[in-house]
């Protein structure tokens, strides 16, 4: 039995001795508790202002990115519409015996249009017109005409 009493006494002493981490936290809380209302407000106000400014900055940057991505998508749609219109125009003025693929490959206006998109739009890397099999009929880089295009994922709306 004396052993139990000794171990209880040791445990009681361990519980009473403050841990270093608890001491630092308690000391900080006690020093803040000793302050009056004005110093506490002087500490709380800059913290609150910093929180509000950080939240506002996050919202501003989020809206800026959203606006930028939205304009990129809209520019992509406009480019696609212009390319489709140019292909339709080239097909309508081409001789009847010429195939659509040959007409598109020989259309200088379409080639110039595709090249101008990559030259003047910072977000467009390349523009291509392909047939259903993936063969490139017109490209912003003329060296790719006639090659097989890499498959692109089908866009989905969520």
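Return 79, 37 ranked ascending by Cβ neighbour count within 10 Å, so the fewest neighbours appear first.
With the sparsest Cβ surroundings first, the list reads 37, 79.
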Assertion target for 140, 126, 31, ordered by fewest C-beta neighbours within 10 angstrom first, is 31, 126, 140
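Could you calculate the contour length gain from residue 42 to residue 73, that is, 0.36 nm times the residue separation minus the distance between their Cα atoms, to one decimal place in nm? Before the final figure, lay out each step's value.
Numbers: separation 31, 0.36 × 31 = 11.16 nm, distance 4.74 nm.
Residue separation times 0.36 nm, minus the Cα-Cα distance, leaves 6.4 nm.
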How much length is gained on full extension from residue 121 to residue 27, taking 0.36 nm per residue of separation minus their Cα-Cα distance? 27.8 nm
Please order 120, 144, 48 by the number of other Cβ within 10 Å, starting at the fewest. 120, 48, 144
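Here, each number is a calculation from the coordinates, and none is a lab measurement. Note that the structure is predicted; figures quoted are calculated from it, not measured. Because the Cβ atoms are built from the backbone with ideal geometry, glycine has one as well, and the counts that use them run over all protein chains shown.
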